[in-house]
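Visitor: Take this structure, written in structure tokens, and hold onto it; I'll ask about it next.
The values are calculated or read from the model by the stated rules, or taken from the named source; none is laboratory data. On a predicted model such as this, the values are computed, not experimentally measured, just so you know. Cβ: placed from backbone, ideal geometry, glycine included. Neighbour counts: every protein chain shown. The protein model used for the area step is the full one, side chains on, heavy atoms only, and it has no ligands, DNA or RNA in it. Shrake-Rupley method; radii C 1.70, N 1.55, O 1.52, S 1.80 Å.
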Amino acid sequence: MNWMSIGLLFALVAACSDPYEETGPADLIEVGQLCTPSTDGCPDTTRLERTSALGANRLDFKLSNEGDAVAEISVAALPPASAPASDVGDAGDTGPNLPAVELVSRSYTLEPGEWIADRFVQEALFTRAAFDIELRCDGCTARLDYALGSEPLECRADDDCSGGWLCRESVGRCVECLDDNDCAETQTCSLTTYRCGPDEASGCAQASPGAPLDAPVPLALGALLLCALLLRHRRHAPHLLALLAAGGIFATASTARAEPPRAAFNLGVGSRFLTGELGAQTERGIGISVSQELRTTYFGGRVELGASYFLTTQDAPPLSHELEMYSVAIGPQAYIPAGPFQLVVGLDYRHVGLVSNSLVRFTGPDVNYGAAGGSVEVRYRLAPLELMLRGGYHPVFGLDSALFSIDLAVGLAAE
């Protein structure tokens with residue numbers, strides 16, 4: 001089991017250190033509504049602030065003409081007029097020449113009862129910690145439903161970028177060039193893509209992936225798939241890596257002795273279902289889990305890392321239609337042997353995190369929840385392999401929903 005633990009850990013670290021990784025999905029942090037004419041409960045202008053981690057802004061909105069005539073309606077984002085310049089942005093605002101006037105403004109001509117969904121992207125809203133949004137319409141009735149998202153910053157300085165790339169600080173992304181001086185003499189810098197062109201193999205090639213790791217194929221695959229989640233939501237990575245490292249320590253410790261308890265890894269893939277309010281807004285999802293057990297003949301414990309992905313069906317905003325969940329679980333298990341088969345019953349408590357949460361209007365801005373539940377599993381042993389069919393049910397505290405899972409899994413167990 002030593003080599004399995006070490007291989008899995010190295011696969012995870014290697015997959016999580018890709019220098020060319022794109023920024024992940026936006027954390028949706030605020031939802032609201034603007035109206036014109038304005039009312040006490042629905043103004044025509046408001047200030048949006050990102051009070052948590054540094055990030056680049058993204059605004060999804062749905063604009064509706066609620067009057068009885070054709071209307072031209074405008075939506076504008078502006079720097080806060082009442083805030084001093086030193087308070088307008090975060091550390092990402094150190095980029096050159098941020099606009100002092102409108103960040104972005106768009107006009108729409110809508111028929112009575114017509115609506116349109118649109119987005120202000122981070123290249124328009126930059127990394128400001130605060131900005132104003134206005135709904136403008138002369139003599140008409142309109143409503144704007146909005147969702148503010150914060151996209152992770154890829155960099156804050158050139159040193160954060162690999163391969164000689166530069167940091168475009170105003171949006172927090174690594175780019176190949178900022179002007180023509182950053183390209184070869186025969187190339188120019190596109191101010192749309194921030195790449196040097198025409199393309200040349202010497203200037204555009206990226207590092208190829210490393211050689212395959214000497215680890216079990218199913219386990220390495222599971223580690224790489226989980227890393228896709230870690231890369232897209234980096235602030236949770238230390239917690240997941242710490243638990244995985246703990247699992248590796250369990251396996252190493254168990255193989256240092258010739259007697260039980262013994263350790264096992266398993267990888268599961270299957271269907272995911274949400275019940276309750278969230279279930280009404282999502283389709284059936286898919287999920288993956290990687291777990292490690294430390295057990296005796298009849299009793300043991302398990303640490304599990306899991307990721308689930310759902311497509312959502314809600315109306316805009318936001319414009320995205322995906323919900324990702326990760327979980328970290330720990331709990332006891334009981335094993336009931338019956339020849340080559342085993343019935344495994346487990347209980348666990350898990351931390352559930354929401355990633356790329358398109359259902360923010362239903363869940364609110366919180367992304368961390370607790371859940372408790374259990375699982376029942378039928379296991380068939382073909383030493384050293386174990387084949388498993390597992391079902392689990394976990395109500396999520398603070399959400400009107402529960403996660404139901406059905407997995408097919410394969411494991412490797414110590415003798």
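Visitor: Step through the residues of the range 144-152 one at a time and calculate ³J(HN,Hα) from phi using the Karplus curve (6.51 cos²θ - 1.76 cosθ + 1.60, θ = phi - 60°), rounding each to whole Hz and writing x for Gly and Pro.
Guide: After applying 6.51 cos²θ - 1.76 cosθ + 1.60, I find 10, 9, 10, 9, 8, x, 10, 8, x Hz.
Visitor: If you don't mind, another one. Kindly give the semi-axes, whole Å and largest first, of the ellipsoid equivalent to the range 158-198, taking each as the square root of 5 times a Cα gyration tensor eigenvalue.
Guide: Rounded to whole Å, the semi-axes are 17, 11, 7.
Visitor: Between the range 374-415 and the range 275-342, what is the C-alpha centre distance in whole Å?
Guide: Spelled out, the Cα-based centre of one part sits 8 Å from the other.
Visitor: So what's the net charge close to Phe310: Lys and Arg +1, Asp and Glu -1, counting the other residues with Cβ under 12 Å from its Cβ?
Guide: Combined, the nearby Lys, Arg, Asp and Glu give -1.
Visitor: Here is a follow-up. Show the residues, 5+ positions off or on another chain, whose built amide H is closer than 5 Å to the amide H of Gly370.
Guide: It is Val352, Phe397, by chain and number.
Visitor: I would also like to ask the following. Return the carbon/sulfur percentage of the accessible area of the range 132-203, one whole number, probe 1.4 Å, all protein chains in place.
Guide: 42 percent
Visitor: Return the loop-located chymotrypsin sites (Phe, Trp or Tyr not before Pro) in the range 259-354 (DSSP other than H, G, I, E, B) with at most 13 other Cβ atoms within 10 Å of their own Cβ; answer none if there are none.
Guide: Passing sites in the range 259-354 are Tyr298.
Visitor: Counting heavy atoms of the protein chains only and a 1.4 Å probe, report the per residue accessible area for the range 262-414 as a whole number of Å².
Guide: Dividing the accessible area of the range 262-414 by its residue count gives 40 Å².
Visitor: Further question: Size of the dipole of the range 158-198 about the Cα centre, Lys and Arg at +1 and Asp and Glu at -1 on the beta carbon, nothing else charged, in debye to 20?
Guide: Dipole magnitude for the range 158-198 comes out near 220 debye.
Visitor: Please work out the C-alpha center-to-center distance from the range 118-132 to the range 32-75 and express it in whole Å.
Guide: 13 Å
Visitor: Any idea what the dipole of the range 262-414 comes to, in debye rounded to 20, about its Cα centre with Lys/Arg Cβ at +1 and Asp/Glu Cβ at -1?
Guide: 560 debye
Visitor: Can you tell me the relative contact order of the range 158-198? Whole percent, Cα pairs under 8 Å, sequence separation 6 or more.
Guide: RCO, the range 158-198: 26 percent.
Visitor: Using θ = phi - 60° and the Karplus relation 6.51 cos²θ - 1.76 cosθ + 1.60, list the HN-Hα couplings for the range 265-277 in order, rounded to whole Hz, with x at every Gly or Pro.
Guide: 10, 8, 10, x, 9, x, 8, 10, 9, 10, 9, x, 4
Visitor: Which residue, Gly164, Ser190, Cys177, has the largest displacement toward the positive end of the dipole of the range 158-198 when charges sit on each Cβ (Lys, Arg +1; Asp, Glu -1)?
Guide: Ser190
Visitor: Next question. Under a 1.4 Å probe, what is the accessible area of the range 158-198 per residue, stated in Å²?
Guide: Value returned for the range 158-198: 56 Å² of accessible area per residue.
Visitor: Distances over 23 Å make up what percent of all Cα-Cα pairs in the range 274-415?
Guide: 38 percent
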